[in-house]
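Note sheet for the following structure.
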Amino acid sequence: MSIILITGASSGIGAELAKIAAQAGHSIAICARRLDKLQAIQQEIVNAGGTCLAMQVDVSKPDQAKACVEQTITHFGGLDILVNNAGRGNLASVEDTTPEQLQSIFGVNVFSLWYMTAPALKHMKEKGSGHIINIASVAGTMGFPFNSAYVSAKHAVMGFTASLRAELAGSHIHATAVCPDGVITEWAAVTEGGPIGNLFMAGIKESRSIAKEQGLSLAPLASMLSAKDAAQIIYEASIQPPTHDVYTHAGTHERAISVAQNRSEAEKSMMALYLGMQKAYGQQS
Ligand SMILES: NC(=O)c1ccc[n+]([C@@H]2O[C@H](COP(=O)([O-])OP(=O)(O)OC[C@H]3O[C@@H](n4cnc5c(N)ncnc54)[C@H](OP(=O)(O)O)[C@@H]3O)[C@@H](O)[C@H]2O)c1
């Protein structure tokens, strides 16, 4: 059985992953900023016979992140798997994105990876094994409009994971990026600058008439997953380190490959959605 630390586990994918992993008998440490939510999840896990440490942590703060990793190791006597799951999106055109929003989005989605991973690696290198899982997104593989800070941050998660894997090559410490598409959680409603979920929905609606008028095809969008289903896939990938990054939704790995092979063709297939979202963004601002 493993000792697993999950960031951003007060809701959504992180909370479901904590429950699934605890149910399987692993020792779980969870962190986020909302302590009341964390404590409710901790209680649920303990009531079901599991073991859970809950810590109030802002992962974008280096001292808090380091203390969280160290507290986990002290409490359980080690750390086997770190899941860097905490993340937040944004809603703003490039010119409307403020320096504060950039700092905040990169703080939680990107800078936290170094703050959490460095102290975890120190321990994993001493014991000679471990697994770092970074929750990226399909937004880490291609562009989406009006959340460029988030999209850029998730591309950075992919770069961080690839670099980490290169640094750890030949060791027994693994690094995996996970790229979910849409998952039903709070995420799309709590994005900084306004709910990006509403803009996507309005953009999809607009894209139908735009596609008809301009003879474009509709964007190839994956079906949404429940947080529980996404967490189950991530759990399986964390326990058995895969040989490749993980795409949780059907069709999204193929789409990432097609973006890598011919970005302009892949972007053309999204054109109706991009134009629909432009129209919707113009209407809301
Ligand atoms: N939902 C999707 O469609 C989707 C798609 C692709 C990728 N993802 C990624 O999946 C991950 C999980 O998101 P989710 O969908 O489960 O959304 P969620 O329910 O909003 O969960 C995000 C978690 O991150 C935590 N968090 C945010 N800022 C934090 C900070 N500064 N320090 C510590 N924790 C922080 C939140 O807790 P507190 O507010 O309590 O701190 C919450 O527990 C994120 O990285 C997200 O970008 C989601």
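We did not get these values from a lab; they are worked out from the coordinates using the rules stated. Worth saying up front: this structure is predicted, and the values here are computed from it rather than measured. Cβ placement follows ideal geometry from the backbone for every residue including glycine, while neighbour counts extend to all protein chains displayed.
Based on what the data block shows, is Ala231 within 13 Å of the ligand (Cβ to nearest atom) and farther than 30 Å from Thr97 by Cα? Give the derivation first.
Details: within 13 Å of the ligand (Cβ to nearest atom): yes; farther than 30 Å from Thr97 by Cα: yes.
Judged against the criteria, Ala231 is a match.
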Problem set entry | Residue count, the stretch 183-219 (criterion: in a helix (DSSP H, G or I), farther than 18 Å from Tyr150 by Cβ and not aliphatic (A, V, I, L, M)) | 8
Exercise. Restricting attention to the stretch 22-41, which residues are within 15 Å of the ligand (Cβ to nearest atom), more than 19 Å from Glu70 (Cα to Cα) and not in a loop (DSSP other than H, G, I, E, B)?
Worked result: Asp36, Lys37, Gln39, Ala40, Ile41
Exercise. Mind checking which pairs have a first residue in the stretch 181-199 that is of a type in the set (D, E, K, R) and a second that is more than 6 Å from the ligand (Cβ to nearest atom), Cβ under 6 Å, 6 or more apart or different chains?
Worked result: Asp181/Val138; Asp181/Ala222; Asp181/His249; Asp181/Thr252; Glu192/Asn90; Glu192/Gln101
For this session: Go through the stretch 54-143 and tell me which helices (runs of 4 or more DSSP H), entirely inside it, have 3 or more residues that are hydroxyl-bearing (Ser, Thr, Tyr) and under 19 Å from the mean Cα position of the chain (by Cα).
Result: 112-127
Exercise. So, in the stretch 87-120, of the ones that are within 26 Å of Met277 (Cβ to Cβ) and of a type in the set (A, V, I, L, M, F, W, C), which residue ends up nearest to the ligand (Cβ to nearest atom)?
Worked result: Val108
Exercise. Out of the residues in the stretch 122-140 that are farther than 19 Å from Pro242 by Cα and away from the ligand (no atom under 11 Å from the Cβ), which is surrounded by the fewest Cβ atoms within 10 Å (Cβ to Cβ)?
Worked result: Glu126
Exercise. From Ala256, Ala222, which residue is surrounded by 13 or more Cβ atoms within 10 Å (Cβ to Cβ), out of contact with any Leu (no Cβ under 8 Å at 6 or more places or on another chain) and not in a helix (DSSP H, G or I)?
Worked result: Ala222
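Which members of the stretch 78-99 meet the condition of being over 23 Å from Ala237 (Cα atoms) and touching a strand residue (DSSP E or B) at 6+ places or on another chain (Cβ under 9 Å)? Lay out the reasoning, then the answer.
From the stretch 78-99, those over 23 Å from Ala237 (Cα atoms) are 89-99; that's our starting set.
Selection gives Gly89, Asn90, Leu91, Ala92, Thr97, Thr98.
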For this session: Name every residue in the stretch 1-13 that is in contact (Cβ under 8 Å) with a residue 60 or more places away in the chain, within 19 Å of Gln71 (Cα to Cα) and of a type in the set (Gly, Ala, Ser), in order of residue number.
Result: Ser2, Gly8, Ala9
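Does Gly170 satisfy the condition of being surrounded by fewer than 13 Cβ atoms within 10 Å (Cβ to Cβ), under 26 Å from Leu113 (Cβ atoms) and away from the ligand (no atom under 12 Å from the Cβ)?
Numbers: surrounded by fewer than 13 Cβ atoms within 10 Å (Cβ to Cβ): yes; under 26 Å from Leu113 (Cβ atoms): yes; away from the ligand (no atom under 12 Å from the Cβ): yes.
Yes.
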Exercise. Is the stretch 152-162 home to any residue that is farther than 28 Å from Tyr274 by Cα and surrounded by fewer than 23 Cβ atoms within 10 Å (Cβ to Cβ)?
Worked result: yes
